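Okay, structure first, notes after.
The values are calculated or read from the model by the stated rules, or taken from the named source; none is laboratory data. Just so it is clear, the structure is predicted and the values come from calculations on it, not from any experiment. With ideal geometry, Cβ positions are generated from the backbone for all residues, glycine too; neighbour counts draw on all protein chains shown.
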Amino acid sequence: MNESYPYLVLFGLRFNLANCIAILVSAILIFALVFWLSRKPAIRPGKKQNVLEYMIDFTNGIVKGAMPGPEGNRFGLLAFVLFLFVFVNNQIGLFLQIDAGGKTWFRSPTADPIITMTLAMTVLLLSHYFAVVFTGFKGYMKGFVSPLAFLAPINILEEFTNFVTLAMRLYGNIFAGEVLLLLIRSLAFSGGSMGWLSFIAGFLMEMVWQGFSVFIGSIQAYVFVTLGMVYISHKVVPE
Amino acid sequence: MASLGDMLFLIITFAILMVLVGKFAFKPVTKMMTDRQDKITNDLDYADNAKKQAADLAAQRQAELQNSQAEAVQIVNTAKANGDKQRQALLDQAQQEVATLKQNAQTDIEQSKQDALNAAKNDVADLSVAIATKIIGKELNASDQQQLIDDYIKGLGDTNGAH
């Protein structure tokens with residue numbers, strides 16, 4: 001995590017390989033996990049199916065908390081995949097960070113503001129799309145002048161603040177966590193005459209901070225999905 | 001647009017992941033969950049129905065049991081009453097028969113007495129005739145009587161003396 005990344009330019013688009021590799025790895029991990037858990041589903045669930053059903057129930061609970069009505073049924077899959085995706089992307093850099101040749105090849109993708117902004121934008125664009133789907137274009141436009149017409153500027157501003165807070169909250173938490181991981185690591189390897197002491201201290205602190213970061217990453221994934229669903233429900237549920 | 005590649009990569013990866021997870025994991029498992037929910041609902045309904053039916057049946061049995069007890073008591077009572085009636089009827093019939101028999105016997109006795117008296121009367125008449133015959137020595141019959149009378153008249157004539 002030294003803010004120097006390997007880049008690949010294809011068709012005029014610049015790809016940050018650190019992000020792409022980590023995203024791909026976490027996507028594969030998620031798919032492998034749920035695919036493995038979901039083999040041979042049955043009315044009487046086995047252990048694996050119970051785990052998966054617990055996770056689905058958890059994310060469905062988030063959706064139902066924001067949208068108790070029938071609208072919520074459409075967003076179960078989105079919440080489930082979004083939660084797993086953000087969760088795994090938050091955690092993956094805690095266990096594995098690869099710096100090679102002065103460049104960072106692997107770390108949490110959500111420690112990059114572009115990634116969190118893209119996720120937040122996806123969620124918010126979906127909220128606008130489903131607002132039109134569920135309430136019609138008129139209802140969607142009416143959402144901007146409710147409850148009162150003169151609140152329209154605030155409503156429009158809210159769209160941007162929603163976007164920025166959703167993205168920046170996740171980015172800030174994960175980025176700060178990874179920076180602190182890096183600092184503790186450099187403390188551990190600071191060397192010098194008391195190098196062994198700083199190594200032991202750094203080792204212990206790194207472990208503690210990793211554990212805490214797992215906690216933070218889980219909370220942030222939960223918060224991200226919850227807020228995303230709340231924003232969608234604001235748009236989708238007629239008031 | 002320095003990071004457009006990352007954004008596209010993220011969105012496409014996320015979309016593909018969503019499709020795959022939905023197809024291979026989420027849909028089958030949620031379908032199973034819905035099926036299970038339906039099954040549980042059905043089973044609960046079924047259990048409720050069965051419970052209700054069992055309660056109804058038990059109540060019906062109880063009612064039937066009480067009915068049958070009442071019926072049994074009634075049957076016994078009826079039987080008792082019938083028995084009493086029958087006994088009374090038999091008794092009455094017997095008494096009546098006895099009375100009839102007695103009556104008949106009385107009549108018979110009376111008849112016999114009468115007959116006996118009549119017979120005795122006849123016998124007495126016959127006997128007196130027989131005794132008279134014995135005494136007279138001859139049985140009287142019409143012609144004899146005639147002769148007797150004639151003899152008697154002739155005797156009278158003789159005593160008057162012509163011969």
Among the residues of region A:176-197, write down those that are touching a Ser or Thr at 6+ places or on another chain (Cβ under 8 Å) and either crowded, with 18+ Cβ neighbours inside 10 Å or charged (D, E, K, R) (or both). A:GLY177, A:GLU178, A:LEU181, A:ALA188
Looking at B:SER68, B:SER3 in this structure, which one is facing chain A (nearest Cβ under 10 Å) and of a type in the set (Gly, Ala, Ser)? B:SER3
A:SER218 is checked against (1) within 17 Å of A:LEU119 (Cβ to Cβ); (2) free of Cβ contacts under 8 Å to residues at least 12 places away in the same chain and fails just one. What number does that condition carry? (2)
Filter pass, A:SER218 being modelled with pLDDT under 90 and either polar (S, T, N, Q) or loosely packed, with under 15 Cβ neighbours inside 10 Å (or both): no
Determine which single condition B:THR34 fails, assuming it passes every other condition in (1) surrounded by 11 or more Cβ atoms within 10 Å (Cβ to Cβ); (2) within 14 Å of chain A (Cβ to nearest Cβ). (1)
Going through region A:7-24 one residue at a time, which ones are modelled with pLDDT under 75 and either closer than 22 Å to A:ALA176 by Cβ or assigned to a loop (DSSP other than H, G, I, E, B) (or both)? A:GLY12
Take region A:83-109 and flag every residue that is more than 9 Å from chain B (Cβ to nearest Cβ), crowded, with 19+ Cβ neighbours inside 10 Å and more than 17 Å from A:PRO6 (Cα to Cα). A:PHE83, A:VAL86, A:PHE87, A:VAL88, A:ASN89, A:ASN90, A:GLN91, A:ILE92, A:LEU94
Given the criteria away from chain A (no Cβ under 14 Å), surrounded by 10 or more Cβ atoms within 10 Å (Cβ to Cβ) and either at pLDDT below 90 or within 39 Å of the chain's Cα centre (by Cα) (or both), does B:ALA47 qualify? no
Options A:GLY61, A:GLY69; residue that is in contact (Cβ under 8 Å) with a residue 24 or more places away in the chain, loosely packed, with under 14 Cβ neighbours inside 10 Å and either within 10 Å of another protein chain (Cβ to nearest Cβ) or out of contact with any Asp or Glu (no Cβ under 9 Å at 6 or more places or on another chain) (or both): A:GLY69
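Condition check: more than 16 Å from the chain's Cα centre (by Cα) and free of Cβ contacts under 8 Å to residues at least 40 places away in the same chain. Does A:GLU53 satisfy that?
Yes.
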Going through region A:28-56 one residue at a time, which ones are in a helix (DSSP H, G or I), surrounded by 13 or more Cβ atoms within 10 Å (Cβ to Cβ) and not hydrophobic (A, V, I, L, M, F, W, C)? A:LYS48, A:GLN49, A:GLU53
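Can you name every residue in region A:22-38 that is within 14 Å of B:THR13 (Cβ to Cβ) and facing another protein chain (nearest Cβ under 10 Å)? Explain how you work it out, then say what you get.
Residues of region A:22-38 within 14 Å of B:THR13 (Cβ to Cβ): A:22-31.
Matches in region A:22-38: A:ILE23, A:LEU24, A:SER26, A:ALA27, A:ILE28, A:ILE30, A:PHE31.
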Test set (1) closer than 23 Å to A:LEU183 by Cβ; (2) in a helix (DSSP H, G or I); (3) of a type in the set (D, E, K, R) - A:ASP99 fails condition number: (2)
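Residues are listed down the side, and each one gets a yes or a no for (1) touching a Pro at 6+ places or on another chain (Cβ under 7 Å); (2) more than 14 Å from chain B (Cβ to nearest Cβ); (3) charged (D, E, K, R); (4) crowded, with 17+ Cβ neighbours inside 10 Å:
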| position | (1), (2), (3), (4) |
| --- | --- |
| A:ASP112 | no, no, yes, yes |
| A:LEU119 | no, no, no, yes |
| A:THR122 | no, no, no, yes |
| A:LEU126 | no, no, no, yes |
| A:VAL132 | no, yes, no, no |
| A:GLY136 | no, yes, no, no |
| A:TYR140 | no, yes, no, yes |
| A:GLY143 | no, yes, no, yes |
| A:PHE150 | no, yes, no, no |
Only one of A:SER218, A:SER186, A:SER190 is at negative phi and not in a helix (DSSP H, G or I). Can you tell me which? A:SER190
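Mind listing whichever residues of region A:34-47 are in contact (Cβ under 8 Å) with a residue 12 or more places away in the chain and not aromatic (Phe, Trp, Tyr)?
Once the filter is applied, which keeps residues that are in contact (Cβ under 8 Å) with a residue 12 or more places away in the chain and not aromatic (Phe, Trp, Tyr), region A:34-47 yields A:VAL34, A:LEU37, A:SER38.
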